[in-house]
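The structure is given below, and queries will be raised subsequently.
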Amino acid sequence: MNLPPFPSDLEPTPEAAQASRARGVLLKRLADVVCLPMSRVNAFERAMTADLLVDMLREAEPAERKKVARRLAGLVEIPASLVRLLLRDESDVAEELLINAAVLSDADLLDCARMTGLEHRRLIALRRGVSEVVCDVLIEFGEILVLECLLRNDDARFSTGGVEAVVALTRGDARLTATLLRRPELRPAHAYVLFWWADAETRMIILQRFAVSREVLQEAASDIFAMAAEENWQDALSRKALQFIERRQRNRAAIDKSPFDSLEDAMAAAQHGLTREIAEEISYLSGLKPMTGAKIFTDPGGEPIAVLCKATGLPKPAIRALWRGLKRSESDGAGGMAPALERAMLVYDMIAVDRAQTVLRYWNWSLTSALTPALLRAIRDGDEDSLDEYSAPQRAAMLALSKDFGR
C-alpha cells in the first residue's frame, strides 16, 4: 500500500489533533513497549521509547496522558522521565501513579510534593507506606487537609521531629488534635506539651493515656539513691533523673528556707490572695521550679491545679483554696459549680497520686531543666528551625513556653 508522504512541517488543527485516532493508538503502542519485560526490550530501547513518549505526552490531551499513566502504574520499574512528567501533571493524571504505583521512590514523591500543589500532596499522604522523609516534607507545608490525611494513614511513618512539628501546628488549629492523639508515634513528651493548649476533652484523654506509673523506674533505680546520697548528689545529670523517678514529691529541704511551716500552711495563705511570693513558695514546697508553678497557676483550665494538689498529697478542698486565691468564679450563672472548677475536681478524683506525680514532674522537667540560654534565645526569636539542636526536654520547653516569652 502506497502511503502519502509524511508532512513534517504541517501543523494539525486542534480539532484534528483531538480526533486523531492514530495518535491514540501510537501512544498506547509506545506505552506497551515501555511495559515489555527485559527479555523483550533492552534498557536503551526502553529509554528511547520513553523519551519519545514523553515528547508526545507534553502536547497530548489530559485524557490521553491519564490513560498512559494508568497503563504504567502497575510496572515494577517506570522510566524516570515518565514518572517526573506524569507526577507533575494535573492531579487527575498524577493520581493514577500516586494511588496505584507502588514503585515510586521517595525522590519521586518529594519532587512531586515540592513542584505541584495541595491536591498532589493530599494524594501522596494517602499512599501506603509514606516514609518519614516524605512525611517531614508534607508537614512543612502546614496544610491541614494534607495533615489530616497523613495522620489517618496507618501506614505512614512519622519521625520524632515530624510529630513535634504537628504538635506545634495544633496550637493554631485544633482539628489535628484528635487524629494526632491516635498516632502510635506520639510520646509523653509530645502529649504533655500539647496539653497546655488543648481543650478540656483532649486534656482528659492525655491524662488518662499518658499519666503512667513510675513503678518500673523506681524499682530499677532503688539502690542508686543511696549511691547518689553518698556522693552528696554532686552529679547533676543523675540528680535530675532521680528527682524525676523518686516517690516523694514535696521538697522537705525547702521548708527550712520557707516562711511557711508546711505546704498546707502556704495553701491556707493562698486562698486569701495568691501573690507571686506565695505562688513561688508553693512551687518550692511542691518540688517545682517557679516557672512550672506559674504555668500551672495561670492556666485557665484548672486541670493542672488538680494535678498539683493530688501529686503533693493535698486534700481536695485545696483546689477551692487556690481557686479563691486566683479570684476565679466558683459558680456559673445558674448557681452550679463553674465548669473549669468542676473539671479540676473530676481530674483530682480520676488520677492516682503516682500518676499525678509523673505528670507534674514531667512538666517540671520539660519546662525548666531545658531552659538553657540558647533555648531561651531560640524561644524569643521563634527559631523553631533549630529544634534538632536541642534535647527532648529542650524541644518540649520551646513548644510549651513560646507564647510565655512573647512570641
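The values are calculated or read from the model by the stated rules, or taken from the named source; none is laboratory data. Just so it is clear, the model here is predicted, and its values are computed rather than measured. Quick reminder, even Gly has a Cβ in these numbers, built from the backbone with ideal geometry, and neighbours come from all protein chains shown. For the accessible areas, the whole protein counts, side chains as well, though only heavy atoms, and no ligand, DNA or RNA atoms are used. Shrake-Rupley method; radii C 1.70, N 1.55, O 1.52, S 1.80 Å.
Based on what the data block shows, is Arg209 loosely packed, with under 13 Cβ neighbours inside 10 Å, under 25 Å from the mean Cα position of the chain (by Cα) and in a helix (DSSP H, G or I)?
In short, yes.
Filter region 114-158 down to the residues that are of a type in the set (Lys, Arg) and not in a loop (DSSP other than H, G, I, E, B) and list them by number.
Residues satisfying the conditions are Arg114, Arg121, Arg122, Arg152.
Output the residue which, of all residues in region 55-77 that are over 23 Å from Leu126 (Cα atoms) and open to solvent by less than 10 Å² (accessible area, probe 1.4 Å), is nearest to the chain's Cα centre (by Cα).
Leu57
Hey, can you tell me all the residues within region 236-265 that are free of Cβ contacts under 8 Å to residues at least 24 places away in the same chain and open to solvent by less than 70 Å² (accessible area, probe 1.4 Å)?
Hits for region 236-265 are Ala236, Ser238, Ala241, Leu242, Ala253, Ser262, Asp265.
Determine whether Ala340 is surrounded by fewer than 17 Cβ atoms within 10 Å (Cβ to Cβ) and at pLDDT 65 or above.
Considered against the rule, which asks whether it is surrounded by fewer than 17 Cβ atoms within 10 Å (Cβ to Cβ) and at pLDDT 65 or above, Ala340 comes out as no.
If you scan region 166-200, which residues turn out to be assigned to a helix (DSSP H, G or I) and open to solvent by 40 Å² or more (accessible area, probe 1.4 Å)?
Leu169, Ala174, Arg175, Ala178, Pro188, Trp197 - these are the residues of region 166-200 that are assigned to a helix (DSSP H, G or I) and open to solvent by 40 Å² or more (accessible area, probe 1.4 Å).
Among the candidates Ala311, Ala279, single out the residue that is hydrophobic (A, V, I, L, M, F, W, C) and without any contact (Cβ under 8 Å) to a residue 24 or more places away in the chain.
Ala279
Here's a follow-up. Considering only residues that are over 21 Å from Phe225 (Cβ atoms) and among the polar types (S, T, N, Q), which ones fall in region 248-292?
Correct list: Ser258, Ser262, Gln271, Thr275, Ser283, Thr292.
Output the number of residues of region 41-58 satisfying the condition of being outside any helix (DSSP H, G or I) and either closer than 10 Å to Leu82 by Cβ or among the β-branched types (Val, Ile, Thr) (or both).
Summing the residues that are outside any helix (DSSP H, G or I) and either closer than 10 Å to Leu82 by Cβ or among the β-branched types (Val, Ile, Thr) (or both) in region 41-58 gives 1.
Report yes if some residue within region 78-88 is open to solvent by 50 Å² or more (accessible area, probe 1.4 Å), assigned to a helix (DSSP H, G or I) and modelled with pLDDT of 90 or more; otherwise report no.
yes
Taking region 145-154, which residues are within 16 Å of Leu181 (Cα to Cα) and open to solvent by 30 Å² or more (accessible area, probe 1.4 Å)?
Glu148, Arg152, Asp154, listed by residue number.
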